[in-house]
């Protein structure tokens, strides 16, 4: 067997699980800052961890991440598909004791609630039932199109990206 193939054989599984990184950050390519009409093509909900600043305590959390595709994209042969910034919310926010982490948890909860309100066209009530409804909506036959605000903020030479579902255009 080829020596190169032999060297890589033991790492095949971890290689398959890895996400390609081309220097675009963990979220990959994003459209320029501003409001864009996008198909909302999916939502992923996973168990996660919320790390508290200060003491570094880790708490069980839920992570929600929307996936979009630009409706119109003159810069690409295929319209750009991109993942929104993950929304990480502690399962029990009352456990968070660090003030800055409490603020971060509140901001993330507000961002999720705003996205849900846009998609549902109403004030969300039961978060679990409403997320199931949104998941079903996004996996259905009808295209869901929203205006999505893509924001960029730079702090300490690091760029943070945040997406906000602002209005439901169709779906």
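Here, each number is a calculation from the coordinates, and none is a lab measurement. Note that this is a predicted model, so its numbers are computed, not measured. A quick note on method: Cβ atoms are made from the backbone with ideal geometry, for glycine too, and the neighbour counts reach across all protein chains shown.
Mind checking the full-extension length gain between residue 45 and residue 78? Use 0.36 nm per residue of separation minus the Cα-Cα distance, one decimal, nm.
9.3 nm
Fewest to most neighbouring Cβ within 10 Å: what's the order for 139, 147?
139, 147
Ratio to report: Rg/Rh of segment 24-86, with Cα atoms as the point set and Rh obtained by the Kirkwood method; give two decimals.
1.11
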### Cβ-based exposure ranking for 89, 107, in which fewest neighbours within 10 Å come first
107, 89
### Task
Order by neighbour count: 126, 157, fewest other Cβ atoms within 10 Å first, most last.
157, 126
### Message
Kirkwood hydrodynamic radius, segment 28-170, all distinct C-alpha pairs: what's the number in Å?
### Response
16.1
